[in-house]
Amino acid sequence: MSIEITWLSKLGAQFQRAFLEGDRWKLYLQGLGVTLELTVVALILGVILGLLVAIVRTAHDQQRLDRRQNPLLSILNVICQIYTTVIRGTPMLVQLFIWTFVLLPAERNKVLVGFIGLGVNSGAYVAEIIRGGLMSVDSGQSEAGRSLGLNYVDTMRFIVIPQAFKNILPSLGNEFITLFKDTSLVQAIGGMEMLYYAYTIGGRTFDYMPPLLGIAAMYLAIVIIFTWLQGRLERRLRQSDRR
């Protein structure tokens, strides 16, 4: 019993140094704020890039089915294919290092570099998610839009994309969760997010276990909340379909 009390007392002292002493808990919250900001901004950038790439590739595939040929669209399609292949085929950490030390070596704001690196990486995955969703919509929907006098852009905007959104929502939610966890890689280039502060506090207290366990619990709690919200949104969309 005395051994257990001693162990619990030691553990309590460790967590007090890691979280309470010197109001260090504020650093974790500051890191969490940066992490969430990284996730949201990077996902927005990823969705914009992914949507553009998906539309180009879908239009190119549709052009081939209709036996038409647009040289500019073919060139854009090749560029989009290279982009998705390179980004999806190389590690995100390597990409962050390239952005930091090769493409933007003079940029001191490493969080900004993280925004760009994570967003460009996410865009390649979101592009395939959106493209799969667009292809899942029956081609008759596009033909119906054309018969009503809509051009390609308006057909995609008003008919195809709203239907595809329901199909891609689960995968897009999973991409958001994956991106949220991958923000920890920004610490490797000096971005001050949760893992950065955990390492910093661990170095000050000479004990890395409590800070790392603490941020692991924070990551897990946020992921559980995101998963629950995603499930509620999916159920609501299914209910609207039944009506």
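The values are calculated or read from the model by the stated rules, or taken from the named source; none is laboratory data. Please read these numbers as outputs of a predicted model, since none were measured by experiment. We place every Cβ from the backbone using ideal geometry, glycine too, and count neighbours over all the protein chains shown.
Of the residues making up the stretch 111-126, just one is closer than 14 Å to Gly173 by Cα and hydrophobic (A, V, I, L, M, F, W, C), namely Val126.
What are the residues in the stretch 98-122 that are out of contact with any helix residue (DSSP H, G or I) (no Cβ under 7 Å at 6 or more places or on another chain) and either in a helix (DSSP H, G or I) or among the basic types (Lys, Arg) (or both), if any? Of everything in the stretch 98-122, those that are out of contact with any helix residue (DSSP H, G or I) (no Cβ under 7 Å at 6 or more places or on another chain) and either in a helix (DSSP H, G or I) or among the basic types (Lys, Arg) (or both) turn out to be Ile98, Phe101, Val102, Leu103, Arg108, Leu112. Condition check: under 27 Å from the mean Cα position of the chain (by Cα) and either surrounded by fewer than 17 Cβ atoms within 10 Å (Cβ to Cβ) or within 29 Å of Leu11 (Cβ to Cβ) (or both). Does Gly202 satisfy that? Answer is no for this residue. Among residues of the stretch 205-230 that are farther than 14 Å from Leu195 by Cβ, those with a beta-carbon under 6 Å from a residue that is charged (D, E, K, R) at least six positions away or on a different chain give the pairs Thr205/Arg17. The set of residues in the stretch 109-167 being among the hydroxyl-bearing types (Ser, Thr, Tyr) and under 30 Å from Thr183 (Cβ atoms) consists of Ser122, Tyr125, Ser136. Ser136 falls short of the stated requirement of being in contact (Cβ under 8 Å) with a residue 60 or more places away in the chain, of a type in the set (Ser, Thr, Tyr) and surrounded by 12 or more Cβ atoms within 10 Å (Cβ to Cβ). Criterion applied to Arg131, Arg146, Arg157 was being crowded, with 19+ Cβ neighbours inside 10 Å, basic (Lys, Arg) and either over 24 Å from Leu185 (Cβ atoms) or touching a Cys at 6+ places or on another chain (Cβ under 7 Å) (or both), and the one residue passing it is Arg131.
Quick one: how many residues across the stretch 59-109 are under 22 Å from the mean Cα position of the chain (by Cα) and of a type in the set (S, T, N, Q)? Going through the stretch 59-109 one residue at a time, the tally reaches 7. If you check Ala106, Ala124 for being in contact (Cβ under 8 Å) with a residue 12 or more places away in the chain and either of a type in the set (Gly, Ala, Ser) or touching a Phe, Trp or Tyr at 6+ places or on another chain (Cβ under 9 Å) (or both), only one passes: Ala124. Here Thr178 passes the criteria (1) surrounded by fewer than 18 Cβ atoms within 10 Å (Cβ to Cβ); (2) modelled with pLDDT of 85 or more; (3) farther than 21 Å from Gly117 by Cα except the one numbered (3). Got at least one residue in the stretch 32-45 being surrounded by 12 or more Cβ atoms within 10 Å (Cβ to Cβ), farther than 19 Å from Asp182 by Cα and modelled with pLDDT of 90 or more? No, the stretch 32-45 contains no residue that is surrounded by 12 or more Cβ atoms within 10 Å (Cβ to Cβ), farther than 19 Å from Asp182 by Cα and modelled with pLDDT of 90 or more. Evaluating Leu52 against the criteria (1) at pLDDT below 95; (2) surrounded by fewer than 18 Cβ atoms within 10 Å (Cβ to Cβ); (3) farther than 22 Å from Ala164 by Cβ leaves one unmet condition, (3). Take Leu172 and decide whether it is in contact with a helix residue (DSSP H, G or I) (Cβ under 8 Å, 6 or more places away or on another chain) and not in a helix (DSSP H, G or I). In short, no.
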